[in-house]
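Engineer: Submitted below is the structure of interest, expressed as structure tokens.
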Amino acid sequence: MWVPAGQARPDRGCTREDLPALGARGRCVETETACSYGEAMRAITVIPGQQGSVTLTDMPEPPDEDGPILVQTQAVGICGTDLEIIGGEYGSAPPGQDRLVIGHETLGRVAEAAPGTGFGAGDLVVGIVRRRDPVPCPACAAGHWDMCMNGQYTERGIKGRHGYASERYRIHPEYLVAVDPALGILGVLLEPTTVVAKAWDHIEKIGRRAAWAPEKVLITGAGPIGLLAALLATQRGYQTYVLDRVTEGRKPEMVRRLGATYVHSEDLGEAAAEADIVIECTGHLQMLLEAGPQHVRYRIICLTGVSAAGAEANVDPGLLNRNMVLQNSVLFGSVNANRHHYELAAKALAQADSGWLGDLITRQVPLDQWTDAYARQPDDIKTILNFPDASP
Ligand code: BGC
């Protein structure tokens with residue numbers, strides 16, 4: 001049964017106001033009434049496909065079959081995918097349910113962990129987004145669920161499985177990653193970093209097909225994904241250019257603080273001509289295609305932005321084909337991340353300047369004001385929604 005959060009329920013003796021008094025296993029410690037936080041747990045949910053359906057709802061306790069580890073959510077990050085799901089353009093609920101708990105960028109603290117799971121109460125953790133398909137396809141069978149071949153994978157908070165924007169969730173250890181406590185709240189940046197860690201992993205795998213000495217990297221888009229892709233580029237010692245259309249705000253400065261060069265989108269030509277590696281992070285491929293085909297170059301272009309269909313561009317497919325063939329160029333897409341990429345991302349964050357990472361988080365919004373978190377503001381880079389810290 002779904003009820004709006006905070007609404008008193010006549011069929012139970014415990015209301016929202018009792019929440020701080022709830023014990024770890026769901027009894028109201030003050031009144032000793034059987035008030036499970038299954039009746040009081042708040043979550044951000046949508047009816048997928050239905051714009052305007054997003055709300056803060058009370059939902060049942062995470063079921064035991066979700067895993068032997070109970071995690072108390074500290075924060076969730078908000079990205080374009082969440083806004084698409086809220087806009088009714090993307091996402092699906094678990095089978096047989098109307099609503100989907102959203103949220104796939106997360107940071108939590110273990111509340112309870114069964115012995116032998118490798119986790120203990122108090123551990124700072126991040127839940128992995130994707131689950132292997134049940135068949136499984138060859139990629140999923142090998143733990144490469146990010147490369148699922150039959151589309152039957154599920155994704156927490158996105159596709160067929162509840163997400164992490166709930167006060168608590170349960171999980172199996174295979175899909176939980178420990179985060180260096182020194183990172184603190186910055187651990188919420190792990191999931192977006194995994195997306196670029198995978199992109200870099202695959203660029204490097206493709207690059208190994210022949211001897212190669214890339215020097216220049218172009219990143220299109222100075223949002224969180226673009227800036228994190230640039231962080232990993234500078235960590236690798238590349239001359240890095242980051243392109244965006246803004247001229248003000250924090251983004252150009254964030255690029256410069258990495259030791260990279262900020263390029264305004266109108267000046268794309270030169271950077272596009274010289275880059276050995278391009279990571280597209282805006283979903284606007286036409287910008288690159290229009291600037292690119294006349295430049296003959298051996299290069300690897302990785303697309304990470306999920307775009308809407310229907311964009312138009314003036315591209316000469318013959319010229320594009322000829323130049324890509326004659327230069328052995330590669331254009332490929334990259335989505336999601338497997339456990340290996342979470343480990344790579346954790347290392348990249350540990351090596352990064354924490355002040356720079358902290359400045360990526362431009363707004364922290366408490367759960368009570370959740371609607372503000374999902375309303376985009378001009379200077380936003382990464383907005384996070386903070387959950388009340390009920391850890392032991
Ligand atoms: C998430 C990925 C996910 C993709 C497609 C992205 O926002 O970060 O984990 O695979 O959306 O659903």
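FYI, it's all coordinate maths here, none of it is from the lab. Because the structure is predicted, anything quoted here is derived from the model rather than measured. Every residue, glycine among them, receives a Cβ derived from its backbone with ideal geometry; neighbour counts consider all protein chains shown.
Engineer: Translational diffusion coefficient of the chain at 10 °C, 1.306 mPa s, Stokes-Einstein with Kirkwood Rh over Cα pairs, in µm²/s as a whole number.
Structural biologist: D, rounded to a whole number, is 72 µm²/s.
Engineer: Follow-up. Can you classify segment 287-392 as rounded, prolate or oblate using the Cα gyration tensor, where a ≥ b ≥ c are the square roots of its eigenvalues, rounded means a/c under 1.5, and otherwise it's prolate if a/b beats b/c and oblate if not?
Structural biologist: Since a/c reaches 1.5 and a/b is larger than b/c, the shape of segment 287-392 is classed as prolate.
Engineer: Which angle from 0 to 90°, rounded to the nearest 10, does the C-alpha axis of helix 190-207 make with the longest principal axis of the chain?
Structural biologist: For 190-207 against the chain, the angle is about 30 degrees.
Engineer: Explain nothing, just compute: Karplus ³J(HN,Hα) = 6.51 cos²θ - 1.76 cosθ + 1.60, θ = phi - 60°, for every residue of segment 149-159 in order, whole Hz, x for Gly and Pro.
Structural biologist: My calculation for segment 149-159 gives 9, 10, x, 8, 5, 10, 9, 5, x, 10, 10 Hz in order.
Engineer: Which value, in debye to the nearest 20, gives the size of the charge dipole of the chain about its Cα centre, when Lys and Arg are +1 and Asp and Glu are -1 at the Cβ?
Structural biologist: Here the chain has a charge dipole of around 840 debye.
Engineer: Considering only lysines 8 or more places apart in sequence, or on different chains, count the pairs in the chain whose C-alpha atoms sit under 29 Å apart.
Structural biologist: So the count of such lysine pairs works out to 16.
Engineer: Starting from segment 230-290, pick out the trypsin sites (Lys or Arg not before Pro) whose DSSP state is loop and whose Cβ has at most 15 other Cβ atoms within 10 Å.
Structural biologist: Here the trypsin sites (Lys or Arg not before Pro) that fit, given the DSSP loop and packing criteria, are 236, 245.
Engineer: Filter the trypsin sites (Lys or Arg not before Pro) in segment 143-218 down to the DSSP loop ones having no more than 10 other Cβ atoms within 10 Å, then list what survives.
Structural biologist: 208, 209
Engineer: As I understand it, the value is the acute angle between the Cα axis of helix 317-326 and the longest principal axis of the Cα atoms of the chain; what does it come to in degrees, rounded to 10?
Structural biologist: Result, in degrees: 80.
Engineer: Per residue of segment 110-120, what does 6.51 cos²θ - 1.76 cosθ + 1.60 with θ = phi - 60° give for ³J(HN,Hα)? Whole Hz please, x for Gly and Pro, Karplus curve as stated.
Structural biologist: 5, 9, 8, 9, 5, x, x, 7, x, 10, x
Engineer: Moving on. May I ask you to list the trypsin sites (Lys or Arg not before Pro) in segment 332-381 that are in a DSSP loop and have at most 13 other Cβ atoms within 10 Å of their Cβ?
Structural biologist: Sites meeting the loop and neighbour criteria: 376.
Engineer: Net charge around residue 175, counting only other residues with Cβ within less than 15 Å of its Cβ (Lys, Arg = +1; Asp, Glu = -1)?
Structural biologist: Overall, the nearby charge balance is -2.
Engineer: Which of the listed residues, 108, 121, 94, is farthest toward the dipole's positive end in segment 70-211, when Lys, Arg count +1 and Asp, Glu count -1 at the beta-carbon?
Structural biologist: Going by the charge dipole, the pick is 94.
Engineer: Under a GNM of the chain (C-alpha, springs under 10 Å), which listed residue has the highest mean-square fluctuation: 91, 157, 116?
Structural biologist: Comparing 91, 157, 116 in a Gaussian network model of the chain, the most mobile one is 116.
Engineer: Here's a follow-up. Of the DSSP beta bridges with both residues in the chain, give the percent that are antiparallel, rounding to the nearest 5.
Structural biologist: 55
Engineer: Is the shape of segment 194-333 rounded, prolate or oblate, going by the alpha carbon gyration tensor and its root eigenvalues a ≥ b ≥ c, with a/c under 1.5 for rounded and a/b larger than b/c for prolate?
Structural biologist: oblate
Engineer: What's the angle, to the nearest 10 degrees (0 to 90), between helix 339-351's Cα axis and the longest principal axis of the chain?
Structural biologist: 80
Engineer: Build a GNM of the chain with springs between Cα atoms under 10 Å: which of 65, 89, 105 gets the top mean-square fluctuation?
Structural biologist: Highest fluctuation of the listed residues: 65.
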